[in-house]
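See structure below.
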Amino acid sequence: MFTRRISLIAACALALNQGPTFAADPSTAASPSPAEEPASPTPNVASPTPSVSGKSTSVTINLINRMVEKGLLSKEDSADLIKQAEADAAIAREQTEAVQAAVQQIASVQSIPTDSYATPPQLDPSVNPSMPQQELPAPYPGPDDTMRVSYIPESVKDEMREQIKADVLAQAREENWSSPRMLPDWVTRFRLFVDVRVRYQGDYFSSGNDNTGAFPNFNAINTGAPFDVSGTVFSPQLNVDQNRNRTRLRLRFGAEVTLRDNFSVGFRIASGSDNSPVTTNQTLGGSGGNFSKYQIWLDRAFIRYDFTGIENFNAAFFAGRFENPFFSSPVIWDEDVGFDGFALKANYKIEGSPVTPFMSAGAFPVFNTDFNYATNQSAKFKSQDKWLYAAQVGIDWKILKDLTAKFAAAYYRFDNVEGKLSDPFTPLTASDQGNTDATRPSFAQKGNTYFAIRNIVPNASNNFGTTNQFQYFGLASKFTDVALTGKLDYGHFEPFHVVLTGEWIKNTAFNEQDIAAKAVNNRGPASTGVGQFAGGDTAWIVNLRLGHPTLENRGDWAIDLGYRYVESDAVIDGFTESDFGGGGTNLKGYSFGGVVALSPDVTLGLRWMSANEIAGPPLKSDVLLIDLNSKF
């Protein structure tokens, strides 16, 4: 059956390209009428000026004449009928000539007997009485009534092949037999992605760094038991003098799923030594060592809605935990920071204009007070929730054919992130809680200015302030950042680009006089007077990148050179880049590096960063990163 079907399709395709369609069944071929001349390949037609009363070799004209003689038809009507018969015969003759030409062509190539196609065609007025029809000659018969065409031109073969393919695929999709293991529709809505990075990291310190206890680890203090500042032991301290070498691993796996009615969801899980917001690195041999297993964290989980219906306008709403929605540099947001909360992003393409405006805005919970705070008291304390409210506006600008730019201004208002002095109380043990303990940062790197947030009352129980001074530390400054961010991309040497990026940030809520009165760190250097507060509120960065803008093919490369200056309280140190200077603020210095694609999915990169402390005791550190990164 399938062979017969292909044969029929082939015959149809040949007929469409070379002439009228052949009849598939030899039994349907037209046979000559006894009243007509069988030897002539062309039907007999009346002469241009027939005689109505005379005899003719045309059966049609003789029949009309007999009808006139018997009074069944007038002479005038018979003349009209003869004219119509002549026109019909002319059309039939043209069709027959076309058939004969096709037959002669096939016969000349394949030596098919032309007698098999010499049967005169018959008119079949039953198909459409208003139009003359022709029943076509029978093909050269084959066994089992299968029509065979011995020669098919290449162009016809191509058309046949595509037609058969389309028919088979259509039937396969309809009957689901071409892919018996076809996945259900919901699976096709998933877009999976994964990346794995193996890193060598070297941290190197200058021999001139102050290792006398000048660099308290405020994050270790605030995330553990409060520190007794009246004791004789050092508080937890940062490493400033011993070089370290680590091999680190990063795994990130996630998916985006398209839902109906413009909705979608996404998620990502990631590795990490802890729940730090600024890194997903896992130190190999860490977490207890001895080939212990490592933790996996929920890194992203969100619902997205895309607005449609307005021409040239694109907008999306996010809820949950998602990527940074702002155009920014690593000075204010590390690339690993995930934003909790709600965000809206939009842009509008102006017809005929090289400028595309865009905006981003959102509200993000930074910290939510523990439901049972304080845990060791029956009467609970007031909530100390912290929020970030942010908005950004900017433009994408195609300045020239080879030059594009992107500029934006952002406003970040951090609500309630600064520390607050507690009500007066006397902690008898390290587990006693103050009513503002929740105002201390739950994560920090280093660099921000801190102050003691517990207002401890001296009395006999603490030897009048000389013992049991259990203390936590909060941020001394408020934070309301204004940021200007820009990017220039010059692509004249395509595929190589020259990209210059930069950002300037100022903490407009910084109050130097108020902070200086309570700061416990960032005092000095000697140029400002020993012990004088030397923190600041400004940060900036500039970076130059040369090479391929994206590493999509083997051998693609890029190199970077940058410099930054980040004063102590310009930005929150817990969210800035974690690699430069060991992470945090109060740093200045340069970085350079390069990356090359070993394949479309694997890159090898090297980066060197050198940083110096701006305020406080001397601290210089260098970081070397060698990354082997793969993605899918």
Checked against (1) in contact with a Gly (Cβ under 6 Å, 6 or more places away or on another chain); (2) buried (at least 18 other Cβ atoms within 10 Å of the Cβ), Asp336 satisfies every condition except (1)
Expected single match for open to solvent by less than 60 Å² (accessible area, probe 1.4 Å), under 18 Å from the mean Cα position of the chain (by Cα) and over 24 Å from Val542 (Cα atoms) among Phe364, Phe307, Phe327, Phe318 is Phe318
Inside the stretch 359-378, the number of residues satisfying the requirement of being farther than 18 Å from Val482 by Cα and either out of contact with any helix residue (DSSP H, G or I) (no Cβ under 9 Å at 6 or more places or on another chain) or assigned to a loop (DSSP other than H, G, I, E, B) (or both) is 13
Of the candidates Leu551, Leu561, Leu546, the one satisfying the condition of being in contact with a Phe, Trp or Tyr (Cβ under 9 Å, 6 or more places away or on another chain), part of a loop (DSSP other than H, G, I, E, B) and farther than 26 Å from Thr508 by Cα is Leu551
Check your understanding: Are any of the residues in the stretch 560-567 modelled with pLDDT under 95, within 28 Å of the chain's Cα centre (by Cα) and within 26 Å of Tyr490 (Cβ to Cβ)?
Key -> no
Exactly one of Thr508, Thr485, Thr501 is in contact with a Lys or Arg (Cβ under 7 Å, 6 or more places away or on another chain), among the polar types (S, T, N, Q) and more than 30 Å from Ile456 (Cβ to Cβ), and that residue is Thr501
Checked pairs for the stretch 226-241, first free of Cβ contacts under 8 Å to residues at least 60 places away in the same chain, second exposed (fewer than 14 other Cβ atoms within 10 Å of the Cβ), C-beta under 8 Å and 6 or more apart or across chains, list as Phe234/Gly213; Ser235/Gly213; Pro236/Gly224; Gln237/Gly213; Asp241/Ser207
Quick count over the stretch 592-632, residues being among the aliphatic types (A, V, I, L, M) and part of a loop (DSSP other than H, G, I, E, B), is 3
Exactly one of Phe451, Phe425, Phe381 is of a type outside the set (S, T, N, Q) and touching a residue at least 60 places away in the same chain (Cβ under 8 Å), and that one is Phe451
Note on the stretch 236-269: residues closer than 22 Å to Gly584 by Cα and in contact with a Leu (Cβ under 8 Å, 6 or more places away or on another chain) are Val240, Arg246, Thr247, Arg248, Leu249
The residue that is nearest to the chain's Cα centre (by Cα), considering only those in the stretch 401-444 that are open to solvent by 60 Å² or more (accessible area, probe 1.4 Å) and among the hydroxyl-bearing types (Ser, Thr, Tyr), is Tyr411
Flagged in the stretch 592-631 as in contact (Cβ under 8 Å) with a residue 40 or more places away in the chain, surrounded by 16 or more Cβ atoms within 10 Å (Cβ to Cβ) and closer than 30 Å to Phe533 by Cα, in numbering order, are Ile614, Ala615, Gly616, Pro617, Leu619, Lys620, Ser621, Asp622, Val623
Here the residues within the stretch 539-589 that are farther than 22 Å from Lys487 by Cα and of a type in the set (Gly, Ala, Ser) are Gly555, Ser568, Gly574, Ser578, Gly581, Gly582, Gly583, Gly584
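Inside the stretch 348-358, can you point out the residues that are part of a strand (DSSP E or B) and open to solvent by 60 Å² or more (accessible area, probe 1.4 Å)?
Across the stretch 348-358, the qualifying residue is only Tyr348.
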Expected single match for in a helix (DSSP H, G or I) and at pLDDT 80 or above among Asp210, Asp158, Asp144, Asp167 is Asp167
Taking the stretch 373-400 and keeping only residues that are open to solvent by less than 80 Å² (accessible area, probe 1.4 Å) and polar (S, T, N, Q), one is left with Asn376, Gln377, Ser383, Gln384, Gln392
Across (1) part of a strand (DSSP E or B); (2) open to solvent by less than 60 Å² (accessible area, probe 1.4 Å); (3) hydrophobic (A, V, I, L, M, F, W, C), Val571 clears everything bar (1)
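The values are calculated or read from the model by the stated rules, or taken from the named source; none is laboratory data. Bear in mind that the values here come from a model prediction, so they are computed numbers and not experimental data. Don't worry about glycine lacking a Cβ; one is built from the backbone with ideal geometry, like all the others, and counts go over all protein chains shown. Remember, those area values only see protein heavy atoms, side chains included, never the ligands or the DNA or RNA. Shrake-Rupley method; radii C 1.70, N 1.55, O 1.52, S 1.80 Å.
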